[in-house]
Amino acid sequence: MNSRLGKIVDLKQPQLPATKIKQKLNEIYVNPKCPIFNYVNSLAADTSKETVTRCLQAIAKHTGYTDFYEINWAEITSTDLNSLIHNLKDKELSPKTISLYVSVVKGVCEHAYLLGQISRLQLDGVLKVKGETGYRIKKHQVISRSSFQGLLERIASSNPTNRNKMLRDLALFHILIGTGLRRSELATIEISSLVLELSNEDRVTVNTQYLKIIGKGNKERYVAIHPITKIALEDWLNIRGIKPGPLFVKVPRSGNIDVENSNPLTGSAIYELCKKYNTVAPHSLRRSYATWLDEKGVKISRISKLLGHSKEVTTAMYIVDEDSKAFEDVLNNLF
């Protein structure tokens, strides 16, 4: 594949401004004649655009390049794609990761064909290449209930002089573990998603048991709000207020909150908070939510709906069960 990766598609053409789609996608330049730009721009979700961008950079790295703009996409053949697969297998990448990279290469090539840069015969050859099959058992982290209490204590002790930030972060992690939301979903929640009431004492209360979420694929779903989660959320709302805008906003060191200028807490910022408080990643908190419910006997079909999964088999992969328990089940119950 390396021999065919010349600079035939140069997105940094002098006649086109080096305009970027978005700051967070700062490696994708706007160029209507570029298959990379057209492919990424065809994706509906920002998270999908970010994933593809990371995949493209990884593909470039694995093929000996520093930038995916150096790849000669217009000359890639099925032989090159198969060589990439063998290369990735030799590096012991998981079948799922290899299939994802293959899918991304196919996506770029499809748009190269639409731009008239490759032939139909060349595209058909690329599309017939199959990604790697099989899967690897991956050990996912989950957080125990006692560890979650430790997390809450660390949040409180880490913000002794900034009560507003403490209440925001307490509410944020309560919602992550108490609803199983993706960090991208949490970052985009608006106040309008909640049914709020203002008492005579100007106390904000959440007058609903559910939270409306717009998830992946623009799918709408409702997740239940546990009473403990609700208390933490109300504590934050009584600091934030009920002005329209994102539910979670940035809180500076001063503690002053500026909702009107819309300073939403991004998905990346939520990930950094997990690192700051020395806890598992946001997606592991989502897995913890599924695992906790499974431990209490909740049907997997219901957990699947709460997580926004279209297939229960996906949900089953989220539930972490210790191998030792499974072995004990066999020894104690099989005969």
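Observations, loosely collected:
- Where helices (runs of 4 or more DSSP H) fall wholly inside the stretch 100-194, the ranges with 3 or more residues that are of a type in the set (A, V, I, L, M) and assigned by TED's automatic domain parsing to the domain that holds residue 250 are 145-158, 163-179.
- Residue in the stretch 110-123 that is charged (D, E, K, R), surrounded by fewer than 21 Cβ atoms within 10 Å (Cβ to Cβ) and over 17 Å from residue 276 (Cα atoms) present: yes
- Residue pairs meeting the criteria (Cβ under 9 Å; at least 6 apart or on separate chains; first charged (D, E, K, R), in the stretch 40-52; second not in a helix (DSSP H, G or I)): 46/22; 49/21; 49/22; 49/28; 49/43
- Taken over the stretch 211-228, the criterion of being surrounded by 15 or more Cβ atoms within 10 Å (Cβ to Cβ) and more than 18 Å from residue 290 (Cβ to Cβ) is satisfied by 212, 214.
- Filtered residues of the stretch 39-57 (kept if assigned to a helix (DSSP H, G or I) and either touching a helix residue (DSSP H, G or I) at 6+ places or on another chain (Cβ under 7 Å) or assigned by TED's automatic domain parsing to the domain that holds residue 219 (or both)): 39, 40, 47, 49, 50, 52, 53, 55, 56, 57
Matching residues to (1) surrounded by fewer than 15 Cβ atoms within 10 Å (Cβ to Cβ); (2) aliphatic (A, V, I, L, M); (3) outside the structural domain of residue 154 (by TED's automatic domain parsing):
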{"site": "261", "(1), (2), (3)": "yes, no, no"}
{"site": "281", "(1), (2), (3)": "no, yes, no"}
{"site": "291", "(1), (2), (3)": "no, no, no"}
{"site": "295", "(1), (2), (3)": "yes, no, no"}
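- Every residue from the stretch 150-201 that is in contact (Cβ under 8 Å) with a residue 60 or more places away in the chain, farther than 21 Å from residue 46 by Cβ and of a type in the set (Gly, Ala, Ser): 158, 171, 178
- Unique match (being in contact with an Asp or Glu (Cβ under 9 Å, 6 or more places away or on another chain) and either farther than 15 Å from residue 130 by Cβ or at pLDDT 90 or above (or both)) among 103, 94: 94
- For the stretch 241-256, the candidate set comprises residues that are crowded, with 17+ Cβ neighbours inside 10 Å and either of a type in the set (Phe, Trp, Tyr) or farther than 19 Å from residue 173 by Cα (or both); within that set, the residue that is farthest from the chain's Cα centre (by Cα) is 245.
- The one condition in (1) of a type in the set (S, T, N, Q); (2) modelled with pLDDT under 90; (3) surrounded by 15 or more Cβ atoms within 10 Å (Cβ to Cβ) that residue 192 fails to fulfil: (3)
The values are calculated or read from the model by the stated rules, or taken from the named source; none is laboratory data. All figures in this text were calculated on a predicted structure; none of them were measured in a lab. Positions of Cβ are generated from backbone atoms using ideal geometry, with glycine treated the same way; all protein chains shown enter the neighbour counts.
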